[in-house]
Amino acid sequence: MSNYPDGPAAVAELAEQVERLRRLNEAKNEFVGTLSHELRTPLTSIISFSELLRGEGGMSKEALAFLDVIDRNACRLLRLVGDLLLLSQIESGVIPLDLGPVSVPEVTAEAVRNAIPAAAGYGITLETSAGAGPVIQADHLRLLQVLDNLIANAVKFSHPGDTVRVEAAWDGRTWRIDVADPGIGIPSGEIGRLFDRFVRATNARTSGRPGSGLGLSVVKAIAELHGGRVTVDSVLDQGTRFSVYLPGAG
């Protein structure tokens, strides 16, 4: 005797619910995409006009400090909008990759160079090393985005005087890029959810360090789009190491 006398009706109802959820998800992705595009234009204008004002000269130190606040927060919002748009595109099945030959040591060195000024502002030193290995087919700007996010996190959660190390190595099949810091670490019970959207470790929140909780979601998504993965090892109050694995050609 069947436990589901209304089986066909139940299946039809379930299919209807699935279709409704699919439409809601599509509407959500469309909304996020549209909102992201609409926000990018005014934010870009704010940054551009702020730069024009700075170039006028004759401004007081106080006025320049105000412009610094405007620039910093507008750029932060622009990065957040970009992260939301990327994740929405990935959910929609649109793979936003511009593939070409990429040197992992070169993109690693570029990311470190880009991060040096901000790191110096926190009193953090950056060190980098990379072994020899083949170029890979990848999206240069997206890989740079991965490293920018990981290095920025490492700097943010370190202490003044600390050194953040960025290392790349080829093992014959896979590139591994490590970003390691001796900072505040991550509570062990929270590591499993660290790559979920809008999730931040409790000690990151209580320490007052800013963040949206989207950066690591973006890192994971981009690594997986390249056929790779990202892992994390951390000890509370001792430091954290993120490792990005990228497969070689073939």
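Think of segment 93-163 as a dipole: +1 on every Lys or Arg Cβ, -1 on every Asp or Glu Cβ, centred on the Cα centre; then among LEU143, HIS159, LEU97, HIS159 lies furthest on the positive end.
Kindly state, to the nearest 0.05, the FRET efficiency for ASP68 paired with GLU91, given R0 = 30 Å and r defined as their beta-carbon distance. Before the final figure, lay out each step's value.
Numbers: r = 35 Å, r/R0 = 1.17.
The formula returns an efficiency of 0.30 here.
Translational diffusion coefficient of segment 100-247 at 4 °C, 1.567 mPa s, Stokes-Einstein with Kirkwood Rh over Cα pairs, in µm²/s as a whole number. For these conditions, the coefficient is 85 µm²/s.
Between ALA10 and HIS159, take the C-beta separation as r, use R0 = 41 Å, and let me know the FRET efficiency to the nearest 0.05. All intermediate terms of the calculation are to be shown ahead of the outcome.
Details: r = 58 Å, r/R0 = 1.41.
After rounding to 0.05, the efficiency reads 0.10.
Dipole magnitude for segment 100-247: computed about the Cα centre from +1 point charges on Lys and Arg Cβ and -1 point charges on Asp and Glu Cβ, it is near 380 debye.
Annotation for segment 162-199 versus segment 68-136: alpha-carbon center distance of 15 Å.
Taking 7 Å steps out from each Cα toward its Cβ at ALA118 and GLN238 produces label points 2.8 nm apart. The mean sequence separation of alpha-carbon pairs under 8 Å and at least six residues apart, normalised by the residue count of segment 110-250, gives a relative contact order of 26 percent. Normalised by the number of residues in segment 45-180, the mean separation of alpha-carbon contacts (under 8 Å, six or more apart) gives a relative contact order of 22 percent. With 0.36 nm allotted per residue and the present C-alpha distance subtracted, the SER60-ASP171 stretch has 34.5 nm of extension available. A DSSP coil position with no more than 13 other Cβ atoms inside 10 Å describes the following trypsin sites (Lys or Arg not before Pro) in segment 92-192: ARG173. The stretch between GLU106 and LEU78 holds 7.5 nm of extra length on full extension. This uses 0.36 nm per residue minus the Cα-Cα distance.
Since every read-out is calculated from the coordinates, none of them should be taken as a lab result. Keep in mind that this is a model prediction, so the values were computed, not measured. Every residue, glycine as well, gets a Cβ built from its backbone with ideal geometry; the counts of neighbours run over all protein chains shown.
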